[in-house]
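Asker: One structure coming up, written as structure tokens, with questions to follow.
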Amino acid sequence: MRKLLAGILDFHTKREAGSDLLFNQLAKQQNPDALFITCSDSRVVPNLLASTNPGDLFVIRNVGNVVPACCDHSGYSKTDDSEIAALEYALLNLKVKDIIICGHSNCGAIQAICDNTPLNTAPHLKSWLGHAKQALDTFDYPLLYDKDWSPFDRISQKNVLLQLEHLKTYEIVQSALRQKQTSLHAWWFDIEEVEIYAFNRDENKFKVINPAEAQHILQTSV
Ligand SMILES: [Zn+2]
């Protein structure tokens, strides 16, 4: 807490005039470009990685960057109102043009699944990770790999693709895709390399976002 409070005091004294202007403009409304769904892991900091400002990203974070699939034909999630409420708000009110699910290397959630950690004292965590377990058990996506990533990291990349499929089970997402309002993206952050990878559908693999890959993403987005 000491470090956190010192940081707040530091922010107060060092903030630039430009940031005051930005927050003044943002005070009455937000108009983010994208919904960014990622892991709660403290090493993954979306605004830092994407050099974005306050107001640019609408963010959902949870353990394992999970999106529980829609469970019934009414389009209602029986598992997590919170996350789908944020999804509805992002699509209906903020009308975000892109939804990104971003996993990362050395993810503790993925390691717990792969190691079959009992989690007997954490029943909610155990239940929650069940939504990602399929990435290990049955999700048979023919993903190719450019690098010698660890088995954990390979499952982590498959988990991002699995959660993207879960996202598509919601009628509100299907409607946004039909109307070409929104594009879906699977990204993955390599912490050690400090590189963001994006899933390239044409090549069936995660590729580092360099200028050429960024151009490809733009060309294949709405
Ligand atoms: Zn994680």
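Throughout, read-outs are computed from the coordinates displayed, never taken from laboratory work. Note that the structure is a prediction, hence the values are computed from the model and not measured. Note that each Cβ is placed from the backbone with ideal geometry, even for glycine, and that neighbours are counted across all protein chains shown.
Asker: Please rank TYR197, TYR145, fewest neighbouring Cβ atoms within 10 Å first, as an exposure proxy.
Answerer: TYR145, TYR197
Asker: Per the Kirkwood treatment, what hydrodynamic radius in Å, one decimal, follows for segment 92-146 from the mean inverse distance over all distinct Cα pairs?
Answerer: Mean inverse Cα-Cα distance, inverted, gives 13.7 Å.
Asker: 7 Å from Cα along Cα→Cβ at both LEU125 and SER40: what's the point-to-point distance in nm?
Answerer: Here the modelled spin labels are 0.9 nm apart.
Asker: Mind ranking 184-192, 24-32 by how tightly packed they are, going by the mean number of other C-beta atoms within 10 angstrom, highest first?
Answerer: Descending mean neighbour count gives 184-192, 24-32.
Asker: A further question on this structure: What is the Cα coordinate range of the chain on the first, second and third principal axes, sorted by size from largest, in whole angstrom?
Answerer: For the chain, the Cα spread along each principal axis is 52, 45, 39 Å.
Asker: Charges on Cβ only, +1 for Lys and Arg, -1 for Asp and Glu, centred on the Cα centroid of the chain; of TYR141, LEU49, LEU91, which one is farthest towards the dipole's positive end?
Answerer: Result: LEU91.
Asker: Quick check: the distance between the Cα centres of segment 116-165 and segment 15-29, to the nearest angstrom?
Answerer: 40
Asker: With the Cα gyration tensor of segment 91-222 giving a ≥ b ≥ c as the square roots of its eigenvalues, does the rule (a/c under 1.5 for rounded; else a/b larger than b/c for prolate; else oblate) give rounded, prolate or oblate?
Answerer: Taking the square roots of the gyration eigenvalues as a ≥ b ≥ c, segment 91-222 is oblate.
Asker: I've got another one for you. Once you charge only the Cβ atoms, +1 for Lys and Arg and -1 for Asp and Glu, what is the size of the charge dipole of segment 140-182 about its Cα centre, to the nearest 20 debye?
Answerer: Magnitude of the dipole: close to 200 debye.
Asker: For a label point 7 angstrom out from the Cα of ASP33 toward its Cβ, which stretches of segment 86-106 have the backbone nitrogen within less than 11 Å?
Answerer: 97-98
Asker: If each residue's Cβ is checked for other Cβ atoms within 10 Å, how do VAL59, VAL45 rank with the fewest at the top?
Answerer: By the 10 Å Cβ count, ascending: VAL45, VAL59.
Asker: Give, in nm to one decimal, the length gained when the segment between ASN210 and ASN24 is fully stretched (0.36 nm per residue of separation minus the Cα-Cα distance).
Answerer: 63.6 nm
Asker: How do PHE11, PHE58, PHE36 line up, fewest other C-beta atoms within 10 Å first?
Answerer: In increasing order of surrounding Cβ atoms, one gets PHE11, PHE58, PHE36.
Asker: Using θ = phi - 60° and the Karplus form 6.51 cos²θ - 1.76 cosθ + 1.60, what ³J(HN,Hα) does each residue of segment 33-50 get, whole Hz, x for Gly and Pro?
Answerer: 7, 9, 9, 10, 9, 9, 6, 6, 3, 5, 8, 9, 10, x, 5, 6, 5, 9
Asker: A follow-up question, please. Given points 7 Å out from each Cα along the Cα-Cβ axis, report the ASP80 to ASN53 separation in nanometres with one decimal.
Answerer: Label at ASP80, label at ASN53, 3.1 nm between them.
Asker: With +1 on the Cβ of every Lys and Arg and -1 on the Cβ of every Asp and Glu, and nothing else charged, how large is the dipole of the chain about its Cα centre, in debye rounded to the nearest 20?
Answerer: 420
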